[in-house]
Amino acid sequence: MTSLASRPSVLVVDDHGIVRDGLIALLERQNGIQVVGTASSGRDALSAASRLKPDIITMDLVLPDMNGIDATERILKVLPDVRVLVLTACHNAEHVYRALRAGASGYLLKDAIGQEIVQAVNAVRDGKQYISSSVAPPDVGERFFSMPKSPLERLSSREREVLHRVVAGASSATIARYLSLSRKTVDTYRARVMTKLGVRNRSALIRFAMENELTEYRTPQRAAAG
Amino acid sequence: MAAERNAARKAGPGAATGSDDALDGVRQSFSARLVQDHERFVALRAALQARQVPPEAIIAELRNRAHKVRGGAAIFEMKELAATACALEEAAIAASVQVKRGEAMVEAPLAILIDFLAQTIG
């Protein structure tokens, strides 16, 4: 969708309204960058990307409905020419790794945005890859693009499903009923997940998943304080 | 932190006529909302101390709210606020997998964030 004047069009994806507004202002402050739309969830991002066909998508990672990594992967399957620049507050090697494996062209931390957004947008627009200097120095950053599979990527889809339900607090019996499996089979899946992720107990498993799986930050029930 | 306080104190109505003005306007809106965030964090701390609500619910909201403050503060280059909110978010993540007394893990970072917000909003 790049115009005659090579003015890149950008779709901004973030679930926090004021952050979206801030990003739009920051991007449009730069000559030549045009924000063509916004989305506040992973699913919104899919439909907005299909409709608007932007050159670049700035993608948050923690989103309702569908996390930014899954959204990136699904968008790029349909629109392989779109460049996805992950823009997040999360600084975690697993996140960087998984985002890039999903096809993101760049990874920028929100606290570096003021200094790096133009550089990052220009780099991904030109078909290059960009990793924020606050995530890794350039020579290290390049290695992210050729790393072997991460522990989470080694999980099968069924193992990931079991992991999600364990993290949500479901017992093996409940998971077994839901997935129409025997409890023993579910326990086997749980054991395999723990082995693959290198954790020893349920607490460590949940912590690993919460830190790395990019689940939405749901409040179980509204706290009574107001 | 002085710059962050000054940024917050600049908050007020103003028409954004140019792109820099637009950014300033959004920054001011964010700063103005910190008052509500501060109030909510204070209320959540009181709820945590009263133990009348399951701590899991409060910790999850602390995590969610701290994450949003962290993201906004990062965008608007309020780095110290972003770091303070980040500390609470990480403590809430750790607390959410503790079987007992997970709430104790968030007490200090929550108090620090409340204090920091109080100073920021003046």
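The values are calculated or read from the model by the stated rules, or taken from the named source; none is laboratory data. Please read these numbers as outputs of a predicted model, since none were measured by experiment. All Cβ positions, even for glycine, are placed from backbone atoms using ideal geometry, and neighbour counts span all protein chains on display.
Key figures for this structure:
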read-out	value
Qualifying positions in region B:55-79 - surrounded by fewer than 24 Cβ atoms within 10 Å (Cβ to Cβ), more than 13 Å from B:Ala95 (Cα to Cα) and more than 7 Å from chain A (Cβ to nearest Cβ)	B:Arg65
Qualifying positions in region A:7-35 - without any contact (Cβ under 8 Å) to a residue 60 or more places away in the chain, more than 7 Å from every other protein chain (Cβ to nearest Cβ) and closer than 21 Å to B:Ser29 by Cβ	A:Val12, A:Val13, A:Asp15, A:Gly17, A:Arg20, A:Ile24, A:Val35
Residue that is nearest to the chain's Cα centre (by Cα) [pool: residues in region A:45-84 that are buried (at least 17 other Cβ atoms within 10 Å of the Cβ), under 17 Å from A:Ser9 (Cβ atoms) and not hydrophobic (A, V, I, L, M, F, W, C)]	A:Thr58
Region A:63-101: number of residues that are in a loop (DSSP other than H, G, I, E, B), in contact with a strand residue (DSSP E or B) (Cβ under 8 Å, 6 or more places away or on another chain) and modelled with pLDDT of 90 or more	1
Hits in region B:80-122 (condition: in contact (Cβ under 8 Å) with a residue 24 or more places away in the chain, of a type in the set (D, E, K, R) and out of contact with any Lys or Arg (no Cβ under 9 Å at 6 or more places or on another chain))	B:Glu80
Within region B:65-106, tally of residues that are touching a Phe, Trp or Tyr at 6+ places or on another chain (Cβ under 7 Å) and either assigned to a loop (DSSP other than H, G, I, E, B) or within 23 Å of A:Arg202 (Cβ to Cβ) (or both)	1
Selected residue (only one of A:Ala99, A:Ala93, A:Ala89 is out of contact with any helix residue (DSSP H, G or I) (no Cβ under 7 Å at 6 or more places or on another chain) and closer than 15 Å to A:Ser132 by Cα)	A:Ala93
Every pair of residues 6+ apart whose Cβ atoms lie under 7 Å, when the first sits in region A:125-136 and is over 13 Å from A:Ile113 (Cβ atoms) while the second is surrounded by fewer than 17 Cβ atoms within 10 Å (Cβ to Cβ)	A:Gln129/A:Phe145
